[in-house]
Amino acid sequence: MSVSFLISQAKSIQKVIDENSAEIEVLDQKIGDGDHIFNIQRGLKLVVELEDAIKDLPLAKALNMIAMKVLSGIGGSSGALFGTFFMTMAKSSDLDKDVDFNKACEMIISGIKAMKERGKADVGEKTMMDVLLPVSEKLNELKNNGEFKTGLNEVIKIAEERMLSTKDMLATKGRASFLGERAKGHIDPGARSSQLIIDTICKSVINN
Amino acid sequence: MKKFINNNDDFLKESLTGFGKAHSDIINVNLDPSFVSRKNKTKDGKVSLISGGGSGHEPMHGGFVGHGMLDAACPGFVFSAPTPDQMQAAAEHVDSGAGVLFIVKNYSGDIMNFEMGAEMYSGKNDSIITNDDVAVEDSTFTTGRRGVAATVLVEKIVGSLAEHNGSLEECKKLGEKVNKNAGTMGVAFTSCTVPAAGKPTFDIGDDEMEFGVGIHGEPGRKREKIQPSKTIVGNILEAILDNLKPEKNEKNLLFVNGMGGTPLTELYLVYEDACQILQSKGVEVTKSLVGNYCTSLEMQGASITLLKCDDEILKHWDAPVHTAAMRWGM
């Protein structure tokens with residue numbers, strides 16, 4: 001993981017999210033209040049715009065700037081959760097040394113753990129954590145395993161399955177939880193956007 | 001979408017700037033990070049009250065900054081929780097050393113961002129969470145009830161106690177009592193349109209209403225055919241009374257709140273219907289509030305809040321207040 005990797009991922013994710021924005025917006029209008037997609041898009045735009053400011057910075061500083069930008073520029077649940085994710089990654093030790101695949105996995109795992117604590121949500125509650133927690137568990141298996149390309153294909157699969165599994169869940173956290181039975185039958189918008197992010201990053205790592 | 005708007009990116013900034021100019025005798029508007037604060041510095045020893053939330057609910061919360069109510073308000077983007085740096089900056093700006101009480105509506109995004117703001121602020125602080133919406137069943141399986149219109153009452157009543165030198169602990173205790181004593185439920189006839197979305201948040205038929213709607217247009221208990229006001233008001237009150245169970249001869253405040261698109265004429269009709277129904281049930285109404293205080297952009301609809309009042313609550317309700325949206329006694 002490097003600063004240029006972060007910037008190129010942000011750009012690819014922005015493209016994928018934009019392509020799927022109509023779908024996510026509709027999902028959120030069905031069971032939320034419709035702000036999720038705008039928050040995600042605003043956040044990605046802010047991060048992409050940081051390119052000139054962070055491209056020559058050490059990784060820890062760049063992650064910290066991204067965290068502050070995300071935390072102060074997005075708002076809503078997404079801002080707090082993704083801000084927490086980057087803040088935690090920025091606090092990882094030894095970021096001045098080479099960050100290899102295993103180290104990157106560890107950083108992402110600790111970031112997702114912090115998101116879970118901030119949102120107090122677990123698997124099965126119809127939120128983005130339904131995608132992120134299983135992905136984090138899989139990454140934990142993959143690190144220190146030489147065959148990470150095969151493993152990342154499994155991560156892509158897990159993310160998609162877990163995203164789809166939110167469709168028939170009752171929500172117990174977030175805006176959708178106020179709906180009870182009426183939230184059933186709709187995929188959680190946060191789970192969908194998280195799955196798209198995971199999908200984009202994994203494919204790019206596999207193809208490089 | 002028909003709105004007074006120049007471009008979406010500047011929507012909130014332009015509105016806030018105008019708010020600041022229109023009420024420059026009472027408040028200041030700070031941009032980047034955005035917060036509204038009192039024109040006059042918080043007096044020494046007075047606990048500071050800070051609230052906030054997504055924009056689109058005006059006059060909540062910026063319209064309640066001023067003597068007898070809030071010290072600062074942090075507006076987020078339309079219907080999105082504000083960010084932690086806003087709360088931190090507002091707290092640093094207004095705290096006179098007596099501590100800060102954050103008043104937060106029970107929504108995941110608001111809770112998380114206020115929590116982070118409180119962690120980032122080094123001064124003494126505490127929080128209260130409002131959750132007065134009886135449309136949502138309170139159970140261990142949900143985030144809990146939503147915080148809606150009773151937040152206005154909490155801000156007014158605790159604001160008075162803070163003005164009368166109540167400590168941080170006393171202010172929190174009173175705020176929790178007001179929240180516990182209040183129940184709210186709303187009905188929507190039309191959707192609202194978030195500027196960034198450009199189209200209505202939900203589809204609803206000309207002859208339909210959403211019973212138990214949330215203040216962001218979130219679906220409520222059920223979608224029904226529209227009914228006469230008396231029937232709608234009766235159903236809302238039934239849900240509230242079921243929850244609050246006021247004692248006979250207990251004093252109550254009746255608050256009819258417009259969602260933004262319903263004229264005052266109708267809100268007063270709702271108030272009349274509610275008074276009659278409550279009287280027939282032996283529920284005494286001693287205080288009133290009618291108007292657009294906790295809105296959902298241009299949504300047509302209304303919510304009713306009932307607040308059980310003891311002497312302490314009544315005293316602080318009547319105390320002088322001078323804000324952009326609420327003013328009496330001074």
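One line per residue, one yes/no per condition, for (1) β-branched (Val, Ile, Thr); (2) surrounded by 23 or more Cβ atoms within 10 Å (Cβ to Cβ); (3) under 15 Å from the mean Cα position of the chain (by Cα); (4) more than 22 Å from residue B:227 (Cα to Cα):
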site	(1), (2), (3), (4)
B:250	no, no, no, yes
B:257	no, yes, yes, no
B:280	no, no, no, no
B:283	yes, yes, no, yes
B:289	no, no, yes, yes
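Of all the residues in the range B:190-225, those that are in a loop (DSSP other than H, G, I, E, B) and surrounded by 15 or more Cβ atoms within 10 Å (Cβ to Cβ) number 20. Just give me the residues in the range B:28-55 being buried (at least 24 other Cβ atoms within 10 Å of the Cβ), in a strand (DSSP E or B) and β-branched (Val, Ile, Thr), in sequence order. Within the range B:28-55, B:36, B:50 qualify.
With respect to the conditions (1) free of Cβ contacts under 8 Å to residues at least 60 places away in the same chain; (2) over 26 Å from residue A:8 (Cβ atoms); (3) within 14 Å of chain B (Cβ to nearest Cβ), residue A:168 falls short on a single one, namely (3). Scanning the range A:180-208 for residues that are under 23 Å from residue A:152 (Cα atoms), in a loop (DSSP other than H, G, I, E, B) and among the basic types (Lys, Arg) yields a count of 0.
All conditions but one from (1) under 22 Å from residue B:146 (Cα atoms); (2) more than 14 Å from chain A (Cβ to nearest Cβ); (3) crowded, with 24+ Cβ neighbours inside 10 Å apply to residue B:58; the one that does not is (3).
Any residue at all in the range B:193-202 that is of a type in the set (Val, Ile, Thr) and touching a His at 6+ places or on another chain (Cβ under 9 Å)? Within the range B:193-202, one or more residues are of a type in the set (Val, Ile, Thr) and touching a His at 6+ places or on another chain (Cβ under 9 Å). Entry remark, the range B:251-267: residues being out of contact with any Asp or Glu (no Cβ under 7 Å at 6 or more places or on another chain) and not hydrophobic (A, V, I, L, M, F, W, C) number 6 in total. Within the range B:102-110, is even one residue more than 14 Å from chain A (Cβ to nearest Cβ), in contact (Cβ under 8 Å) with a residue 40 or more places away in the chain and closer than 30 Å to residue B:243 by Cα? Yes; the residues of the range B:102-110 include at least one that is more than 14 Å from chain A (Cβ to nearest Cβ), in contact (Cβ under 8 Å) with a residue 40 or more places away in the chain and closer than 30 Å to residue B:243 by Cα. Go through the residues of the range A:112-121 one by one and say whether even a single one is outside any loop (DSSP other than H, G, I, E, B), away from chain B (no Cβ under 13 Å) and free of Cβ contacts under 8 Å to residues at least 40 places away in the same chain. Yes: the range A:112-121 contains one or more residues that are outside any loop (DSSP other than H, G, I, E, B), away from chain B (no Cβ under 13 Å) and free of Cβ contacts under 8 Å to residues at least 40 places away in the same chain.
Being more than 7 Å from every other protein chain (Cβ to nearest Cβ) and either under 14 Å from the mean Cα position of the chain (by Cα) or without any contact (Cβ under 8 Å) to a residue 12 or more places away in the chain (or both) is the filter here, so list the residues in the range B:73-93 that pass it. If the condition is that a residue be more than 7 Å from every other protein chain (Cβ to nearest Cβ) and either under 14 Å from the mean Cα position of the chain (by Cα) or without any contact (Cβ under 8 Å) to a residue 12 or more places away in the chain (or both), then B:73, B:74, B:75 are the ones that fit. If you go through the range B:246-270 and pick out every residue that is among the aromatic types (Phe, Trp, Tyr) and touching a Leu at 6+ places or on another chain (Cβ under 7 Å), you end up with 1.
Residue count for the range B:177-202 under the criterion of being touching a residue at least 40 places away in the same chain (Cβ under 8 Å) and either aliphatic (A, V, I, L, M) or closer than 24 Å to residue B:266 by Cα (or both): the result is 15.
Quick one: which of B:295, B:262 is in contact with a Gly (Cβ under 8 Å, 6 or more places away or on another chain) and either surrounded by fewer than 21 Cβ atoms within 10 Å (Cβ to Cβ) or more than 28 Å from residue B:177 (Cβ to Cβ) (or both)? Matching residue, one of B:295, B:262: B:262. Note on the range A:30-93: enclosed helices (runs of 4 or more DSSP H) holding 1 or more residues that are within 14 Å of another protein chain (Cβ to nearest Cβ) and in contact (Cβ under 8 Å) with a residue 12 or more places away in the chain are A:36-49, A:59-73, A:76-90. Checked against the criterion of being surrounded by fewer than 17 Cβ atoms within 10 Å (Cβ to Cβ) and either at negative phi or modelled with pLDDT under 95 (or both), the range A:75-86 has no qualifying residue. Apart from one condition, residue B:87 fits all of (1) under 25 Å from residue B:217 (Cα atoms); (2) surrounded by 24 or more Cβ atoms within 10 Å (Cβ to Cβ); the exception is (1).
Condition check ((1) of a type in the set (Val, Ile, Thr); (2) under 30 Å from residue B:3 (Cα atoms)) across all residues:
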| residue | (1), (2) |
| --- | --- |
| B:232 | yes, yes |
| B:238 | no, no |
| B:245 | no, no |
| B:276 | no, no |
| B:297 | no, yes |
| B:301 | no, yes |
| B:306 | no, no |
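Residue A:164 fulfils the conditions (1) under 20 Å from residue A:32 (Cα atoms); (2) touching a helix residue (DSSP H, G or I) at 6+ places or on another chain (Cβ under 7 Å) except for a single criterion, (2).
Residues are listed down the side, and each one gets a yes or a no for (1) part of a helix (DSSP H, G or I); (2) surrounded by 15 or more Cβ atoms within 10 Å (Cβ to Cβ); (3) in contact with a Ser or Thr (Cβ under 8 Å, 6 or more places away or on another chain):
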position	(1), (2), (3)
B:275	yes, yes, no
B:286	no, no, no
B:303	no, yes, yes
B:313	yes, yes, no
B:322	no, yes, no
B:330	no, no, no
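The values are calculated or read from the model by the stated rules, or taken from the named source; none is laboratory data. Because the structure is predicted, anything quoted here is derived from the model rather than measured. Don't worry about glycine lacking a Cβ; one is built from the backbone with ideal geometry, like all the others, and counts go over all protein chains shown.
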